[in-house]
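The next block holds one structure in the form of structure tokens; read it before the comments.
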Amino acid sequence: MGGVTLEAVVPTIVLLVAGSLEMVRRWRPMSDATARRWTANLVLFGGCYAVGYLMAPLVAFLVALANIHLGLMERVEGPILRAAAAIVVLDLLDYALHRASHKVAWLWRVHQPHHSDLELDVTTALRHHPFEAAVTSIVLGGGGTLLGFAPREIAIYGALAISVQMIAHANIVLPQRLTDLLAPVLVTPDFHRLHHSRTRAEADANYGQVFSFWDRLFGTRCVGDAGNVAFGVDGYIEPASQRLSRVLAQPLLPG
């Protein structure tokens, strides 16, 4: 099975399962804007997927042109061990990028459309600006290649990360025993919802993409009850700001 299968088919199955669970184990009621949100979020995902697809060979070419070979993965042998190493190392890199995206002004501008969603469900995980997709391609694709990971190993991490993130954003109630089992290691809905709070002190925390232990390790974990949390970003809470055209314009708007 190739990288396209891993990145498209597996997350699609997770999307369908999580979307179905939102119908039967819903955490918050759906609003009248749900259909419009889903349309906008899925269109954004299509744009991001296209950007990532187009940038992959460009990033690989630039890395080859730079002729930088770190070779850190050369001593790791065996497909399972290499895949496991890719997941851990790339998730740490993803954590660092996510944290920087909240602290560096221009990175926050391209990441902000993800946070400006006024509700949280499985499609929010797909709501990223194409500019952010370009940054992610450079950092994870280029960084992963420099570290010595093969394209398929990077694809395995990508498939796992988007799958975990769709569950983490899903508007579902997981059984408490399952949450207690997963939470020490993986990002869960209870862990991630605070990250989408309109209160920046809560939003600037819980950066983990796949693994939750990075936040405990680096002191960025936030614990609280997301039951009454208001989602979104100040300045983008009017219905008009949720139009696809406005979301695409957000990185270029003042403020």
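None of the figures in this text is laboratory data; all of them are computed from the coordinates on show. All values derive from a computational prediction rather than experimental measurement. We place every Cβ from the backbone using ideal geometry, glycine too, and count neighbours over all the protein chains shown.
Tallying residues that are among the polar types (S, T, N, Q) and touching a Ser or Thr at 6+ places or on another chain (Cβ under 9 Å) within the stretch 172-196 yields 2. Filtered by the rule that a residue be closer than 20 Å to residue 214 by Cβ and free of Cβ contacts under 8 Å to residues at least 12 places away in the same chain, the stretch 62-102 gives 84, 96, 100.
Results for (1) of a type outside the set (D, E, K, R); (2) surrounded by 15 or more Cβ atoms within 10 Å (Cβ to Cβ), shown as yes or no for each residue.
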site: 152; (1), (2): no, yes
site: 158; (1), (2): yes, yes
site: 162; (1), (2): yes, yes
site: 190; (1), (2): no, yes
site: 203; (1), (2): yes, yes
site: 206; (1), (2): yes, yes
site: 210; (1), (2): yes, yes
site: 249; (1), (2): yes, no
site: 253; (1), (2): yes, no
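Checked against (1) in contact with a His (Cβ under 9 Å, 6 or more places away or on another chain); (2) part of a helix (DSSP H, G or I), residue 156 passes all but condition (1). Among the candidates 143, 227, 235, the residue that is assigned to a helix (DSSP H, G or I) and surrounded by fewer than 20 Cβ atoms within 10 Å (Cβ to Cβ) is uniquely 227.
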